[in-house]
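The values are calculated or read from the model by the stated rules, or taken from the named source; none is laboratory data. If you're wondering where the values come from, they're calculated on a predicted model, not measured in any experiment. When we count neighbours, we look across all protein chains shown, and the Cβ atoms used for this are built from the backbone with ideal geometry, even at glycine. Note: areas computed on protein heavy atoms with side chains; ligands, DNA, RNA excluded. Shrake-Rupley method; radii C 1.70, N 1.55, O 1.52, S 1.80 Å.
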Amino acid sequence: RVKVRIESGVDMPYALNYLIGKGITGLQWYSKIPGKLGGWIHNNVHGGTHFLNEVLDSVKVLTPDGNIKLLEKQDLGFEYDASRFHNYGEIILEATLLLYKGDAERARQVVIEWAKRKAIQPPITPGCVFKNITNEEKDRLGYPTTATGYIVEHVLKLSGFKIGDAIISPRHHNFIENAGNASAKDYLDVIR
């Protein structure tokens, strides 16, 4: 195992490729997911069945009262698309990841495979927007899948719904695309 410290503002697609180039693996599952490390931690980003908390060791934060505090993995309240950072008002400064000195070529193959799978995803988006429902909710509602994209397309019939230049993607219904000059307000209004 290899401990790697990364500041919260680091672009993670860059970091992922840089680390693989150094023979350090463990992030390949999150290939093609945009964003900075702070955002990845905030939402416990996931690629397939792998969640970021699997490789997270600790996080250094700035507390609302101005103190710097080190939080261990067990203190972070990770869940599906969630962490303690949704509730505590702390600012993520950096994190230590527990990665692997591993087979870089195999990791590159995973990156290539994920790139192929994600080719159907719209390119100019902030990523997947809505949280999928649980298996229990799926069964209770009688839906064939837990995918929120199914609900957006088939139940709510919002494919192509647009506010300003933010549009629910007709290609992948859990994504909001930028159709030109979408503002953050446009995105938030579509989400609401």
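With the structure loaded, tell me whether N181 is assigned to a loop (DSSP other than H, G, I, E, B), surrounded by fewer than 17 Cβ atoms within 10 Å (Cβ to Cβ) and either of a type outside the set (K, R) or modelled with pLDDT of 95 or more (or both) or whether it fails that test. Let's see the steps before the verdict.
Values: assigned to a loop (DSSP other than H, G, I, E, B): yes; surrounded by fewer than 17 Cβ atoms within 10 Å (Cβ to Cβ): yes; either of a type outside the set (K, R) or modelled with pLDDT of 95 or more (or both): yes.
Yes.
Return the pairs, sorted by first residue and then second, in which the second residue is part of a loop (DSSP other than H, G, I, E, B) and among the hydroxyl-bearing types (S, T, Y), the first residue lies in region 42-63 and is closer than 21 Å to R117 by Cα, the beta carbons are less than 6 Å apart, and the residues are 6+ apart or on different chains.
Note: pairs meeting the criteria are N44/S83.
Between D103, D57, which is farther than 22 Å from I168 by Cα and open to solvent by 50 Å² or more (accessible area, probe 1.4 Å)?
Sole residue among the options that is farther than 22 Å from I168 by Cα and open to solvent by 50 Å² or more (accessible area, probe 1.4 Å): D103.
Y150 versus (1) of a type in the set (S, T, Y); (2) open to solvent by less than 60 Å² (accessible area, probe 1.4 Å); (3) assigned to a helix (DSSP H, G or I): which is the lone unmet condition?
Going through the list (1) of a type in the set (S, T, Y); (2) open to solvent by less than 60 Å² (accessible area, probe 1.4 Å); (3) assigned to a helix (DSSP H, G or I), Y150 breaks only (2).
For the condition at pLDDT 95 or above, over 14 Å from R5 (Cα atoms), small (G, A, S) and open to solvent by 30 Å² or more (accessible area, probe 1.4 Å), what is the one hit in G66, G48?
G66
Please enumerate the residues belonging to region 162-173 that are at pLDDT below 90 and either open to solvent by less than 40 Å² (accessible area, probe 1.4 Å) or more than 27 Å from I133 (Cα to Cα) (or both).
Listed by number, the list holds a single entry, H173.
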